[in-house]
Amino acid sequence: MQIHLYDSAAQVGQAAATLIAAQIIAKPDSVLGLATGSTPIPTYQELIRLCKGGVLDFSRVRSFNLDEYCNLPVDHEQSYHSFMRQQLFDHINIDPANTRVPDGNARDQAAECASYDTAINQAGGIDIQVLGIGRNGHIGFNEPADTFVYGCHIVNLTQSTIQANRRFFESEDDVPRQAISLGMKPVTAIKMATWNAAREYGLRDLGAVAAGYRADLVLLDSLKQMTVRAVYKDGRPVEERFAGLAAAPVPDALLHSVHFENVAPADLALPVAGPAHVIEMVPYQIVTRHAVEEVPSENGFFRPNAVYTKLCVVERHGKNGGVAVCPLKGYGITGGAIATSVAHDSHNVIAAGDNDADLALAINHLKEIGGGYVLAGGGKILGALPLRVGGLMSTAPWEEIQAGAGAILERAKAMGIPYHVDPFTSLSFLALPVIPELRLTDRGLFDVTAFSLVKD
C-alpha cells in the first residue's frame with residue numbers, strides 16, 4: 001500500500017483518473033466500481049476530458065456503483081442514478097446497458113441484492129474500485145460496526161450519516177433512512193487494518209501471524225460476528241498480565257483538580273471596537289483560520305449570533321485565574337452553552353455559547369462536578385457527564401460512562417451545532433496552541449503561525 005499526498009482536490013482527481021485510465025487502456029473491457037459524493041467529482045471530470053480528447057474509450061467498459069438510497073425515485077436529483085448520469089455517464093461513450101446502479105426501489109430487496117452480486121461475479125469481479133471514506137469512517141453506506149457483511153445488502157443509516165447528508169435535501173426528514181450497498185470481505189477489511197497499516201508505517205514485526213512477528217493477537221469467534229474472545233500481547237493472554245492487580249485508590253488531589261473562582265457573566269464580556277480577531281473553524285478539520293472581521297456588537301461589546309459564537313477559556317489549576325474570551329466562527333451553537341475540562345493540552349476549562357449567563361452557569365457547574373462535560377440553556381443545566389479524575393476520567397463503570405456520553409452528545413448536537421462539527425472534540429482542540437492557525441489560551445489568543453500571543 002502506498003499513500004500519496006496532494007495539494008488540492010484537483011490533483012487528487014487527476015491522479016486517480018490516471019490510474020483508472022491505465023486500467024482501461026490495458027483492459028478495454030474493464031469492470032469499474034464507482035462511487036458518488038463530492039470526492040470523486042474531480043476524478044470523473046478528468047475522465048470526461050480524457051474521453052472527449054480521444055485518449056479513453058469507454059465503449060466496452062462495464063460499471064457497478066457502490067450504493068444507492070432506498071425508496072428514492074431514480075429521477076430524484078439526489079439519487080445516485082441521477083448523480084452518475086450528470087457527473088459521468090452522459091458525458092462519455094459508455095453503453096448505458098453496461099452501467100448498473102443498485103435498485104433501491106426494488107419490491108424484493110433481497111432478490112435485488114442477490115442479483116447485483118451475481119452480475120458482478122458474472123462480469124469477472126471489479127477490476128478497480130473508486131471509494132470514499134465518510135466522516136465517521138463508513139465506506140459506501142457500511143457504517144462502523146462489529147460485524148462485516150459481504151456482498152450487496154440493505155443498510156440502516158446512522159444518525160450521523162443522515163445529518164451529514166442533510167445538506168443535499170430540503171430538510172433532515174427528507175433524507176432516506178435506508179440504502180442498498182456493497183459490502184467488504186472480512187479478510188480484506190482485516191488486512192487493511194493490520195498488514196497494510198503495519199507495512200505503511202514500517203512496522204516489520206507486526207501485522208501478520210508468522211515466525212519473526214510479535215505475537216500480538218486478537219482471537220475472534222468468527223469472521224462475520226467480530227466478537228473478541230481473547231487478546232494476546234507478546235504471546236501472553238492480556239488477562240494474565242493484569243491478574244492479581246488490585247484497583248489503586250485515586251489520590252484525593254486528582255479528584256479535586258478544578259480550582260478557580262466562580263465566573264460571573266460580566267467576567268466574560270468582550271469589548272469590541274472595529275474588526276476583531278476571530279477563530280474560524282474549518283469543516284471536518286482541527287486546524288483553524290485566523291480571520292479579522294467585523295463581529296456583531298451591542299453597546300461596544302461582542303454579542304454572539306448564529307454565525308459568531310463566544311469562546312471562553314478559564315485557567316482551572318489555581319495558578320493565575322486567567323479568563324480569556326474571543327469570537328468563534330463556525331461552531332453554530334444556539335440557545336445555550338457547552339463547557340468541558342477536556343481541553344488539550346493544558347486542560348483548562350473551555351466553553352462555547354451564545355449568551356454570557358449560560359456560559360457562566362456551565363463553567364461554574366463544571367467546577368462543582370469536578371470536571372467533565374456540561375450543557376446549559378435557558379438558565380438551567382441541561383446535561384452533565386462528571387469526569388472527576390483530573391477532570392478527564394471517571395471511576396464509574398464503562399457502561400455508565402458510555403451511556404452518559406452518548407446521551408449528552410446527542411443533546412449537544414440538538415443545540416444547532418452543524419453536522420461537520422463534533423460538539424466536544426472540536427471544542428477541546430480549540431485550546432491547543434500548537435495547531436495552526438489561531439487558538440485560545442487562558443492568557444489570550446495565540447497565533448500559532450507567528451508562535452506568539454495576539455497583541456491587539
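Structure values in brief
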item: Cross-chain or 6+ apart pairs with Cβ under 7 Å, segment 398-410 first and farther than 13 Å from Val374 by Cα and of a type in the set (Val, Ile, Thr), then at pLDDT 90 or above and surrounded by 12 or more Cβ atoms within 10 Å (Cβ to Cβ); result: Ile401/Ser394
item: Residues within segment 1-56 that are under 29 Å from Gly202 (Cβ atoms) and among the hydroxyl-bearing types (Ser, Thr, Tyr), tallied; result: 4
item: Near pairs, Cβ below 6 angstrom, 6+ apart or cross-chain, from segment 202-224 (free of Cβ contacts under 8 Å to residues at least 60 places away in the same chain and closer than 15 Å to Ala189 by Cα) to any residue that is among the small types (Gly, Ala, Ser) and outside any loop (DSSP other than H, G, I, E, B); result: Gly207/Ala198
item: Filtered residues of segment 165-221 (kept if closer than 29 Å to Ile126 by Cβ, hydroxyl-bearing (Ser, Thr, Tyr) and either surrounded by 15 or more Cβ atoms within 10 Å (Cβ to Cβ) or touching a Gly at 6+ places or on another chain (Cβ under 9 Å) (or both)); result: Ser181, Thr194
item: Some residue of segment 188-210 being basic (Lys, Arg) and under 30 Å from His81 (Cβ atoms); result: no
item: Residues (in contact (Cβ under 8 Å) with a residue 60 or more places away in the chain and of a type in the set (D, E, K, R)) located in segment 147-176; result: Arg166, Arg167
item: Residue in segment 129-140 that is at pLDDT 90 or above and either crowded, with 17+ Cβ neighbours inside 10 Å or not assigned by TED's automatic domain parsing to the domain that holds Pro283 (or both) present; result: yes
item: Selection within segment 172-209 - within 21 Å of the chain's Cα centre (by Cα) and assigned to a loop (DSSP other than H, G, I, E, B); result: Val175, Pro176, Arg177, Gly183, Met184
item: Looking only at segment 63-107, and only at residues there that are outside any helix (DSSP H, G or I), among the charged types (D, E, K, R) and over 26 Å from the mean Cα position of the chain (by Cα), the one that is nearest to Gly125 (Cα to Cα); result: Arg100
item: Which listed residue, of Ile48, Ile24, Ile20, is touching a residue at least 12 places away in the same chain (Cβ under 8 Å), aliphatic (A, V, I, L, M) and more than 28 Å from Ser115 (Cα to Cα); result: Ile48
item: Elements of type strands (runs of 3 or more DSSP E) contained in segment 251-359, each with 3 or more residues being within 30 Å of Ser394 (Cβ to Cβ); result: 308-314, 323-329, 337-340, 349-353
item: Residues located in segment 440-454, provided they are free of Cβ contacts under 8 Å to residues at least 40 places away in the same chain and not polar (S, T, N, Q); result: Phe446, Val448, Ala450, Phe451, Leu453
item: Matching option when the condition is closer than 15 Å to Thr309 by Cα, surrounded by 17 or more Cβ atoms within 10 Å (Cβ to Cβ) and over 24 Å from the mean Cα position of the chain (by Cα), among Leu359, Leu427; result: Leu359
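The values are calculated or read from the model by the stated rules, or taken from the named source; none is laboratory data. These numbers were taken from a predicted model, which means no experiment stands behind them. Reconstructed Cβ throughout: ideal geometry from the backbone, glycine too, with neighbour counts over all protein chains shown.
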